[in-house]
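Below is one structure, written out as structure tokens; the observations come after it.
The values are calculated or read from the model by the stated rules, or taken from the named source; none is laboratory data. Predicted model only: the values in this text are computed from it and were never measured. In this analysis, Cβ positions are derived from the backbone assuming ideal geometry, glycine residues included, and neighbour counts consider all displayed protein chains. Note: areas computed on protein heavy atoms with side chains; ligands, DNA, RNA excluded. Shrake-Rupley method; radii C 1.70, N 1.55, O 1.52, S 1.80 Å.
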Amino acid sequence: MLEQLLIFTRGGLILWSCKEIGNALKGSPIDTLIRSCLLEERSGDRSFRYDAPGASYTLKWTFQNELGLVFVAVYQQFLQLLYVDELLAMVKREFSAVYSPRKASYRDFDEVYRQLEKEALARGEANKGLNKANRKIEDGSSKNTDLRGGTVLRGSVKGSAGTKGQKDGKEDDSAADHKPAAVVEKAGHENGVTNGKLSSSDEESKPVEVAFDRSKLQKLKAKGGKKTNAAKKEKEDPKKKVKQDRKPWDAPATGKLDYSEPVRDTNDEEVVEVHGKSLVDYEEDEESDDEEAKDEKAPAKKGWFSSVFQSVTGKAALEKADLVPAMKALKDRLMTKNVAEEIAEKICESVAASLLGKKLGTFTRVSSAVKEAMGDALLRILTPKRSIDILRDVKSAKDEGRPYVIVFVGVNGVGKSTSLAKVAYWLKSHELSVLIAACDTFRSGAVEQLRTHAKRLQTTLYEKGYEKDPANVAREAIATAAKTKHDVVLVDTAGRMQDNEPLMRALANLINVNKPDLVLFVGEALVGNEAVDQLSKFNQTLADLSATAKRKPIDGILLTKFDTIDDKVGAALSMVYVSGAPIMFLGCGQSYHDLRRLNVKSIIKTLLQ
């Protein structure tokens, strides 16, 4: 049974909930659905699974886009409720009919819901019974199948010659008695058997063969006349043609040479007649068949007046077929901008779900409405869900008497050390003291690279050389910064591929031991589908290997080489969609001051142009 059914607006106002269910939901599945699915443009999915300590729910939903309503059903994951989708559709239809923006209470909808639930349950039970009956029929047909591939009726060998045939006939009669008479009689007609006897004396070893019933052909001849007879002959002997007698060139013409009038001579009619049917009849039949085929296949075309009238007054309601061409064009456009294919498809499905049932305004094209909805969706995705102000957080940590710790993680060769130096320059420009911790104890030259940056930036470097435990080096650096009253500690780590489990465990250990305030993932803006795999695995590994109950995933993203991609800005969208983390900085050059903040509106404009 359902745990809860809610109806609320897109603004978050709950209009109605089923009071009869009365089950208190454990955790916050509705809030998680809104935050993780609906606001993240994942509403194109069929369902959402909510897992929390002591609770595991499945949530299904549907929209009424014209009225801005959301209908959500919640039930336990181990249940397979087949009637939920149909119940949601029925509730949406009935509630939309009584909805009014000025109405505050919908307690009178309780009785309507009870009737809808009974109807949905009855239909669900009927579907179950139908499925069981279909399975029984399939099982029965498979049992009656002969091992040699031919289907033999159990009662069809009663009239076979020989002692063995009589014995088999008795056994088959007993088996056939348990079957309904209509089924046995129908099966007998299909296999050329009447009243349990074969139509011809066949040998036992041969399978039953179906003879051609000529009586049916004679009946069809009597009903259909010459047309049916000619059609039958054409089907039986398609290669057989009527051969005309050859005539010499100098033979006199038998018919009239004046074709201005129709020829009504009997001899001419015999010449043009093929299989008892004239050529004129064939042409008329072909034209009528072509017209019927066109009427069946081709949809009715709208005239220019109806098209203009529809563009002026607006379409009644957008359907899925109206959105398919525009969505395909938008998906292709996003992929050309370097957006991962999987993410582009999910975003398009979510936008299509938000437009179904909406009415277009005056002189509004479908492509324009889709483009506007896509822009709103991209704005919601790229806008940070939580505010991360590094300067404000540094001040709060300073008031607590501790340094603010930032850890830089990422794959090999994306520019972590250079990006760390740029962030140090940005912090120093805001009059904050910085300590750099050289925790990349694996790559040759990593410590020397940071030493050069620290000298040029006139900041402090904490290093212990190579082949040391990075977690211990970071812990000692943070303790040193607390003693020397440094405001910020920037921790550099070794690059590692997302599939390298030992190195990923070492990174998770560094984060668990030192508990940084901010974990920045450094990635390239050049990657496409690879960005999804990199960030998702980093995020999942850090969350799974977290030592505390509160998981510590990626907090922010720093995209490097952003000045080399022209209009291929899709990696930014892919990374934010996968992780939900905001893009904190963009690397736009090789100088220390080449660090920018993300302009969301500029990214959306580039993606849609």
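Things worth noting here:
- Alpha-carbon spread of the stretch 562-609, three principal axes, descending order, Å: 29, 25, 16
- Here the extension length gained between residue 100 and residue 1 equals 32.7 nm, from 0.36 nm per residue of separation less the Cα-Cα distance.
- At R0 = 22 Å, FRET efficiency that the Cβ-Cβ distance of residue 594 and residue 429 yields, to 0.05: 0.95
- The stretch 12-91 - percent of accessible surface contributed by carbon and sulfur, probe 1.4 Å: 51
- Estimated distance in nm for a label pair at residue 515 and residue 546, the labels positioned 7 Å out from Cα along Cα-to-Cβ: 1.3
- Once the 1.4 Å probe is applied to the protein heavy atoms, the stretch 441-587 comes out at 44 Å² accessible per residue.
- Backbone N within the stretch 24-41 under 15 Å of label point (7 Å from residue 79 Cα along the Cβ vector): 24-26
- Treating r as the C-beta distance of residue 52 and residue 412 and R0 as 30 Å, the FRET efficiency rounds to 0.25.
- Applying the criteria of a DSSP loop state and at most 10 other Cβ atoms within 10 Å to the GluC sites (Glu not before Pro) of the stretch 318-407 yields 400.
- In sequence order, calculated HN-Hα J values of the stretch 339-355 (Karplus, 6.51, -1.76, 1.60; Hz; x Gly/Pro): 7, 4, 4, 4, 6, 4, 5, 5, 5, 5, 5, 5, 5, 4, 5, 7, 9
- Among the protein heavy atoms of the stretch 408-558, carbon and sulfur supply 50% of the accessible surface, probe 1.4 Å, non-protein parts ignored.
- Global form of the stretch 426-547, assessed from the alpha-carbon gyration tensor, a/c cut-off 1.5: prolate
- The listed peptides 560-573, 26-39, ordered by packing as a protection proxy, come out as 560-573, 26-39 (highest mean of other Cβ atoms within 10 Å first).
- In loop segments of the stretch 326-430 as defined by DSSP, the chymotrypsin sites (Phe, Trp or Tyr not before Pro) with at most 12 further C-beta atoms inside 10 Å of their C-beta are 363.
- If R0 is taken as 45 Å, the Cβ-Cβ distance between residue 14 and residue 336 corresponds to a FRET efficiency of 0.60.
- Too-long pairs where the Cα-Cα distance tops 27 Å, listed order kept, from 455/485; 485/537; 103/346: 485/537; 103/346
- Its Cα gyration tensor gives the stretch 493-547 an equivalent ellipsoid; the semi-axes, largest first and in whole Å, are 20, 12, 10.
- Net length gained if the chain between residue 389 and residue 362 were fully extended (0.36 nm per residue, minus Cα distance): 5.4 nm
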